[in-house]
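Shown next, in structure tokens, is the structure this report addresses.
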């Protein structure tokens, strides 16, 4: 499909592929760094790359009055999100992680309903219930007393990313998507500096592979991916045209994990994934089940 100014498909497709590789490279990075250090180093690299782009394009800083908003956006959408995402990678595989990530659009819709008073029909709520059932399967498959911490970390990361999506609404009138993303990443990086002492102690013992993985996550998974994602939204006719590409992430992540590490999704991932993805797809096809005015 063509957007107003060209094709958004290459931008959205490349972004989703990069994000699908993030889990694998996070696991590689964890062989040399803690989850907290990975988050800091990742967004230090992303910030450096964005600063270069801003210098070339001569993009200045945000308005002083908007700095608190970018700190909130970055703290939730990047600092907390990347920390929770990295901690989830310690106990669950990429397929499970990517399935839970599909919960973000539905959570965003629910939060929009509560905060922005957007409306969701009964069909939309049924889709949300189905997706939530899938999350319960992923979380409680082995019993209530054996909940995987990684699932809870990833679910909290999905909540954080959904909140971040709402915060971006504050910047639509005054900033471009690139600016809003860059300033938010800078804000998140400031919060991640709390892990600097721990990170400094880990630098000397990290392998070249761990360093390469962190740089990949920062430059490609952070800066480049978000810039391409913003570009895709700018070119597409509808937001859902781009966000629907995220439905390919579980399959891509599973294939990448199998090819690189021989990971095979468990039965709980398959069953939970069917419910989550099924609910998500129907939700998107019906535009969230929104009621007509």
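Regarding residue 36, is this residue under 19 Å from residue 210 (Cβ atoms), at pLDDT below 90, under 18 Å from the mean Cα position of the chain (by Cα) and surrounded by 18 or more Cβ atoms within 10 Å (Cβ to Cβ)? No: the conditions fail for residue 36. Taking residue 84, is it more than 18 Å from residue 31 (Cβ to Cβ), outside any loop (DSSP other than H, G, I, E, B), under 16 Å from the mean Cα position of the chain (by Cα) and modelled with pLDDT under 70? Considered against the rule, which asks whether it is more than 18 Å from residue 31 (Cβ to Cβ), outside any loop (DSSP other than H, G, I, E, B), under 16 Å from the mean Cα position of the chain (by Cα) and modelled with pLDDT under 70, residue 84 comes out as no. Only one of the numbered conditions (1) more than 25 Å from residue 30 (Cα to Cα); (2) modelled with pLDDT of 70 or more is not met by residue 149, and that is (1). Every test in (1) buried (at least 22 other Cβ atoms within 10 Å of the Cβ); (2) modelled with pLDDT of 85 or more; (3) under 23 Å from residue 165 (Cα atoms) is passed by residue 72 save one, and that test is (1). Selection of first residues in the range 240-253 that are farther than 20 Å from residue 270 by Cα and of second residues that are assigned to a helix (DSSP H, G or I) and modelled with pLDDT under 70, restricted to Cβ pairs under 7 Å at least 6 apart or on distinct chains, gives the following pairs, ordered by first then second residue: 240/284; 240/287; 243/105.
The values are calculated or read from the model by the stated rules, or taken from the named source; none is laboratory data. Computed from a predicted model, the values in this text were never measured in an experiment. Don't worry about glycine lacking a Cβ; one is built from the backbone with ideal geometry, like all the others, and counts go over all protein chains shown.
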